[in-house]
Number of protein chains: 2
Amino acid sequence: MDPRTFKDQIYAGFTQIGKVVSSPKRIELLDLLSQSPKTVETLVKETAMSTANTSKHLHALLEAQLVRYEKEKNYVIYQLANEKVVDLLFAIKTIAEEQIEDVTRLRDEFIVRSDDLETITLEEWLNRRDTNEHVLIDVRPQEEYVNEHIDGALSIPIEALNEHISLLPMDKEVIAYCRGAYCVYATEAVERLKVLGYQAVRLEAGVHEWREHYHKQTDDFVRKR
Amino acid sequence: MDPRTFKDQIYAGFTQIGKVVSSPKRIELLDLLSQSPKTVETLVKETAMSTANTSKHLHALLEAQLVRYEKEKNYVIYQLANEKVVDLLFAIKTIAEEQIEDVTRLRDEFIVRSDDLETITLEEWLNRRDTNEHVLIDVRPQEEYVNEHIDGALSIPIEALNEHISLLPMDKEVIAYCRGAYCVYATEAVERLKVLGYQAVRLEAGVHEWREHYHKQTDDFVRKR
DNA sequence: TATCTATTCAACTAATTAGTTGAATAGTAG
DNA sequence: CTACTATTCAACTAATTAGTTGAATAGATA
């Protein structure tokens, strides 16, 4: 095999992964699955696609070996087959944030919103967290909380905010997080809580950022010994 | 704007980046530009595409804001507009390596080749490098070496290996590197050197992996103080 | 000035893709 | 066994895409 053929074939291999993220709906599916395994039904509701189209995109992900499934009762539950998909999504989002004006604009307009809707970064939260003057709430669907959540967080899904609101103290700051920097749930929760008189703040991070930080800490610890 | 419209638009934004890596030739262009800025002419030769098609793909990269260009004489020189493209390519390659069998197979067959063609990782090299019992050579085109190279490396482009071979000592180990884990140049150099009686070894890393390591070291240093 | 070289552009073709529709399958519950 | 639910599959359409060809442009050189 000549070098050109080798290059063509190896880049064709890379492209099998690249093609996956060339469709908005497939990126959204991977984003959702990165929070927790989900049935086709759930993915259909979350993405607002037809069942057939959702199934077809999931099979494209299967072919690229990025997801796998198991059957339970008459449901099919899909999950990520490789955790590094999270890094791929992160790389795409970071570049889009820096290079695509629309992305920045949309985020500012719908997630960050206004200055009186306070946002804290992961680092800021980590510095404050030991003071015990706040309560951290996870406003994602409960199955995502059950799959993984930030240590010490309370599960209060956004649809159940009103029912569980009695769990929240008025005298402490309420810090809400959801799927990450492009998820509207935490913004919505903070806005609704503030209207009700709570001190509420949005944490701009999800479980992946938190886990990443946690590993970095552990690595440092190991290296320092 | 309702939440669904917001999601559709934000994922459409991400997809502008994702679409770029859905074509093997565009991944190859980004890969080449990640080594050094290049003229259209050079990219045409490296990718074996027609000039018109190369130009068209470069304009697709321009539209996604991933490259920029400057004109010099009657040449147009393209370069990456965002260094994080390297992270994106790395994420894709890592996943492809783990999930796509063809990629692993091709790499073993054409890069790693046989057991008597010794390969060392970046970590192994970093541990050995202070012993002064070897010489490190960069076998990429000279313009890429000039743009950035591993500290202490000698530039011996693969096409000029025979001419410059007198620079290499027979009594020291020769360690060759090129663009990274999927580049054939270093393998070719090591094979040719071994035939001529040199002790030659392939370093499985490029400037990006080296730079990444260098930053991590610096960060640790800063954090430890 | 005319000529050469590097690059871009416009028009076209063949192939691929996302999405729809409706039928088929497979497992569950009555 | 029947009815129901979740999922997949096949056939089709409209839109997009990669690549080609040949002409156009723009800067450099003679």
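The figures follow:
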read-out: Cα-centre dipole for chain A with unit charges at Cβ (Lys and Arg positive, Asp and Glu negative), debye to 20; value: 860 debye
read-out: Likely footprinting exposure, A:LYS73, B:LYS45, B:LYS38, fewest C-beta neighbours within 10 Å first; value: A:LYS73, B:LYS45, B:LYS38
read-out: Per-residue HN-Hα couplings for the range A:46-60 [Karplus 6.51, -1.76, 1.60; θ = phi - 60°; Hz; x = Gly/Pro]; value: 5, 8, 6, 9, 5, 4, 4, 5, 4, 4, 5, 5, 4, 6, 5
read-out: Within chain B, helix-based [θ] at 222 nm, where runs of 4 or more DSSP H residues each add -39,500 (n - 2.57), nearest 500; value: -15500 deg cm²/dmol
read-out: Lys/Arg +1, Asp/Glu -1 at C-beta; the range B:3-85 dipole; positive extreme among B:ALA48, B:ALA12, B:HIS59; value: B:ALA12
read-out: Proxy reagent accessibility, fewest Cβ within 10 Å first, across B:TYR214, B:TYR185; value: B:TYR214, B:TYR185
read-out: DSSP-defined beta bridges in the protein assembly as shown - what % are antiparallel, rounded to 5; value: 40 percent
read-out: Exposure proxy ranking, count of Cβ atoms within 10 Å, fewest first, for A:THR5, B:THR104; value: A:THR5, B:THR104
read-out: Inter-label distance, nm, simple model (7 Å from Cα along the C-beta direction), B:GLU148/B:ARG4; value: 4.4 nm
read-out: Of B:ASN162, B:ILE100, B:LEU136, farthest towards positive along the dipole that unit charges on Lys, Arg, Asp, Glu beta carbons give the range B:82-214; value: B:ASN162
read-out: Debye, to nearest 20: dipole size of the range A:106-214, +1 on Lys, Arg Cβ, -1 on Asp, Glu Cβ; value: 120 debye
read-out: Cβ-placed point charges (K, R +1; D, E -1), dipole of the protein assembly as shown about Cα centre in debye, nearest 20; value: 700 debye
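Where a number appears in this text, it was derived from the coordinates with a stated rule and is not lab data. Computed from a predicted model, the values in this text were never measured in an experiment. We place every Cβ from the backbone using ideal geometry, glycine too, and count neighbours over all the protein chains shown.
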